[in-house]
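Read the structure below first, then the notes.
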């Protein structure tokens, strides 16, 4: 099983995410994420033996409980890239209000999964974001740089009430995400 821990965007925001992606449609080299599957990744676990599913569900429940985060609103807006504007691999939508709560959830999940269950620690600082596209080649880099520098979209607010253990099933059409287990805040 290829797994990650996420906060999923509600269906109601998929159209807004798609509209934002459309602004970058003429930038060659971008591979867009399906807006209906948009999410904030809190921890990427990678390929995991299916026998560990129960253990990971328990770990997620423990981590969310330890984080002590109640349901909250997260505002989605602003654009950014990883790793930097002169070398783009990912184009993302940012999180304003709600980023502190997402960071607390990430820290608790990171601690539980790394310290108690042997997963590798994150190799970068946590930046709450929703991936919009991955850049496969730099053909459209100038267009992406222009949009990121000059466009400051306000996509909307979502109510965060749960964290999900999600399986990514790879297919020819791209990844499809299936919720393995959801933990309420």
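Of the residues making up segment 54-68, at least one is free of Cβ contacts under 8 Å to residues at least 12 places away in the same chain, out of contact with any helix residue (DSSP H, G or I) (no Cβ under 9 Å at 6 or more places or on another chain) and farther than 16 Å from residue 147 by Cα. Among the conditions (1) in contact with a strand residue (DSSP E or B) (Cβ under 9 Å, 6 or more places away or on another chain); (2) part of a helix (DSSP H, G or I), the only one that residue 122 does not satisfy is (2).
Among the residues of segment 91-106, which ones are buried (at least 16 other Cβ atoms within 10 Å of the Cβ) and either in a strand (DSSP E or B) or on the phi < 0 side of the Ramachandran plot (or both)? Selection gives 91, 92, 93, 94, 95, 99, 101, 102, 103, 105, 106. Taken as a whole, the condition of being more than 28 Å from residue 115 (Cα to Cα), touching a strand residue (DSSP E or B) at 6+ places or on another chain (Cβ under 6 Å), touching a residue at least 60 places away in the same chain (Cβ under 8 Å) and crowded, with 16+ Cβ neighbours inside 10 Å applies to residue 32.
Residue-wise test of (1) at pLDDT 95 or above; (2) over 16 Å from the mean Cα position of the chain (by Cα); (3) surrounded by 12 or more Cβ atoms within 10 Å (Cβ to Cβ); (4) not in a strand (DSSP E or B).
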| residue | (1), (2), (3), (4) |
| --- | --- |
| 140 | yes, yes, yes, yes |
| 149 | yes, yes, no, yes |
| 165 | yes, no, yes, no |
| 171 | no, yes, no, yes |
| 179 | yes, no, yes, no |
| 183 | yes, yes, yes, no |
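Among the residues of segment 88-101, those identified as touching a residue at least 24 places away in the same chain (Cβ under 8 Å) and either out of contact with any helix residue (DSSP H, G or I) (no Cβ under 9 Å at 6 or more places or on another chain) or under 27 Å from residue 135 (Cα atoms) (or both) are 88, 89, 90, 91, 92, 93, 94, 95, 97, 98, 99.
Results for (1) assigned to a strand (DSSP E or B); (2) crowded, with 20+ Cβ neighbours inside 10 Å, shown as yes or no for each residue.
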site: 18; (1), (2): no, no
site: 36; (1), (2): no, no
site: 40; (1), (2): yes, yes
site: 44; (1), (2): yes, no
site: 54; (1), (2): no, no
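Within the bounds of segment 46-53, is there any residue that is over 26 Å from residue 178 (Cβ atoms) and without any contact (Cβ under 8 Å) to a residue 12 or more places away in the chain? No - not one qualifying residue is present in segment 46-53. In segment 56-71, how many residues are surrounded by fewer than 16 Cβ atoms within 10 Å (Cβ to Cβ) and either at pLDDT below 95 or not in a helix (DSSP H, G or I) (or both)? Selection size over segment 56-71: 3. Apart from one condition, residue 80 fits all of (1) under 22 Å from residue 158 (Cβ atoms); (2) without any contact (Cβ under 8 Å) to a residue 60 or more places away in the chain; (3) in a strand (DSSP E or B); the exception is (2). Among residues that are more than 25 Å from residue 169 (Cα to Cα), exposed (fewer than 14 other Cβ atoms within 10 Å of the Cβ), modelled with pLDDT of 95 or more and in contact with a helix residue (DSSP H, G or I) (Cβ under 8 Å, 6 or more places away or on another chain), residue 24 is not included.
The values are calculated or read from the model by the stated rules, or taken from the named source; none is laboratory data. Everything numeric here is computed off the predicted structure, so don't read it as measured data. For neighbour counting, all protein chains shown are included, and Cβ atoms are generated from backbone atoms with ideal geometry for every residue, glycine included.
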